[in-house]
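Accompanying notes for the structure given below.
The values are calculated or read from the model by the stated rules, or taken from the named source; none is laboratory data. The shown structure was predicted, so the numbers you read here are calculated from the model rather than taken from an experiment. Quick reminder, even Gly has a Cβ in these numbers, built from the backbone with ideal geometry, and neighbours come from all protein chains shown. Protein only, heavy atoms only, side chains kept; ligands, DNA and RNA dropped before computing areas. Shrake-Rupley method; radii C 1.70, N 1.55, O 1.52, S 1.80 Å.
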Amino acid sequence: MRKVFLIGLMNICLSNLFAQKEIKEYVKQNAHEIKSILPDSTNFEDLEVIGNSISNSRIVLLGEQDHGDAATFLAKTRLIKYLHEKKGFNVIAFESDFFALNEGWYNIEKKETSIDSFLKSNILSLWSYCNECNELLFNYIPFTHTTKNHLEVTGFDNQMVYSYSRNHLISKLDSVLVKLDIPITKQTNYKSEVLGVINDLITKFWYNRPHDSSFEGCNMVLQLISDQLHEKGIIKDDFWYSVIDNLISFNQETSKTTRFITNQTATNNIRDRQMYLNLKWLAENKYPHDKIIVWAANTHVSKTGFSDDNYTNMGEWIASDSNLKNLIYSIGFTSFSGESGRLNAKKYSIPAAPNNSFEGWVAPIYKYSFTDFLNYNKHSNSYNQAFEMRGWFYKFKKENWNQIFDGVFFIHEMFSCR
């Protein structure tokens, strides 16, 4: 019996080794060179391999390991130009304020100065104040609005706390509710307490956190508004219904958050589910006939969660949605070594990747490369084999990365934002 067990164990080990070798050889033979990550490199021939891999996908998700990865931002900018000019993608959705980047973007004058100031204050500052994002945000997007081929901006984050939301969300919500004659607007405390508690939620996020009891009161108010909107015939596809849903989820998320975050997984689950619902709303309601580029973190665009078994991320929700799962192509970004660190935070060195890792396999071959895994998954019997790769904050983990991302963009040396 012991001999049979040992033989079985040996067969499993040999099978794993063979599978590991197979995926390693696939990566080394099918990593395609990307000539440059510089946005002004407008000969896009080297990016055609990505275009061919994306094929007819209508939603392309672009990740990043950390929000300080300047080299990745340059690469994504060049890729966005290619997708916009050659593949017909005309919407870019940022992991930023859902209300501001929908209602606010719609209302601003589409001139360079207006676009510049709006994007500067309504997209995550780790991007909008990073020099390596300047070409996309303050040159390319405004330029497209001087042509017939506009690149529209939108957002899908439920954290509606950026400049436009802080200054306009309450007054615009008030106007809508009053116009619809929602019963809650007749309450004597409507202006002071009903709108007041929602305003506290938006304007005091992490700056001056409301008392715990405020979140319970806010949730009751928002649920009541949601019910009364439904009674008025406002359907869930309506923008303002979505705004209330975002406020409800944000209130739940923030109620579990202290300045130092005590329940990260719980808040992540709430936020990622709402971001999925927002992206679904954008794809099915606001832009049902458009191709959409998603700019977010690796953890949000991965098709299965990899940082926490109890965490269901946005990409996993999308990949399990029968209406969306066949429309997406997810690209993770990784690098061999270098430096990273967010703006106004301490920079840190990225140690060189080990030889037996995805990064170690491609680093001796190319400075920049792209590897498509969809083709491998379709034709290999070993598609379920785990291997080492970096995912988030440059931490290595042994996962089925070929199923987590449809493709991986490799950058040999990372550098941080200025």
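Numbers at a glance
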{"read-out": "Looking only at the stretch 219-235, and only at residues there that are closer than 14 Å to Gly196 by Cα and within 27 Å of the chain's Cα centre (by Cα), the one that is modelled with the highest pLDDT", "value": "Leu222"}
{"read-out": "Hey, Lys395 open to solvent by 10 Å² or more (accessible area, probe 1.4 Å), of a type in the set (D, E, K, R) and within 22 Å of the chain's Cα centre (by Cα) or not", "value": "yes"}
{"read-out": "Options Leu229, Leu224, Leu282, Leu247: the member that is in contact with a Ser or Thr (Cβ under 7 Å, 6 or more places away or on another chain) and either in a helix (DSSP H, G or I) or among the charged types (D, E, K, R) (or both)", "value": "Leu282"}
{"read-out": "Qualifying residue in the stretch 270-293 (condition: open to solvent by 60 Å² or more (accessible area, probe 1.4 Å) and over 28 Å from Ser242 (Cα atoms))", "value": "no"}
{"read-out": "Positions within the stretch 76-118 being among the basic types (Lys, Arg) and either open to solvent by less than 40 Å² (accessible area, probe 1.4 Å) or not in a loop (DSSP other than H, G, I, E, B) (or both), in sequence order", "value": "Lys76, Arg78, Lys81, Lys86"}
{"read-out": "Any pair with Cβ under 8 angstrom, 6 or more apart, that starts in the stretch 215-244 at a residue that is without any contact (Cβ under 8 Å) to a residue 40 or more places away in the chain and within 26 Å of Leu101 (Cα to Cα) and ends at one that is open to solvent by 60 Å² or more (accessible area, probe 1.4 Å) and polar (S, T, N, Q)", "value": "Asn219/Gln252"}
{"read-out": "Helices (runs of 4 or more DSSP H) within the stretch 119-182 that include 3 or more residues in contact (Cβ under 8 Å) with a residue 24 or more places away in the chain, more than 22 Å from the chain's Cα centre (by Cα) and farther than 30 Å from Glu85 by Cβ", "value": "163-179"}
{"read-out": "Filtered residue count, the stretch 76-106, keeping only those that are of a type in the set (A, V, I, L, M) and over 16 Å from the mean Cα position of the chain (by Cα)", "value": "2"}
{"read-out": "Qualifying position, being at pLDDT 95 or above and open to solvent by less than 30 Å² (accessible area, probe 1.4 Å), among Ser121, Ser165, Ser125", "value": "Ser165"}
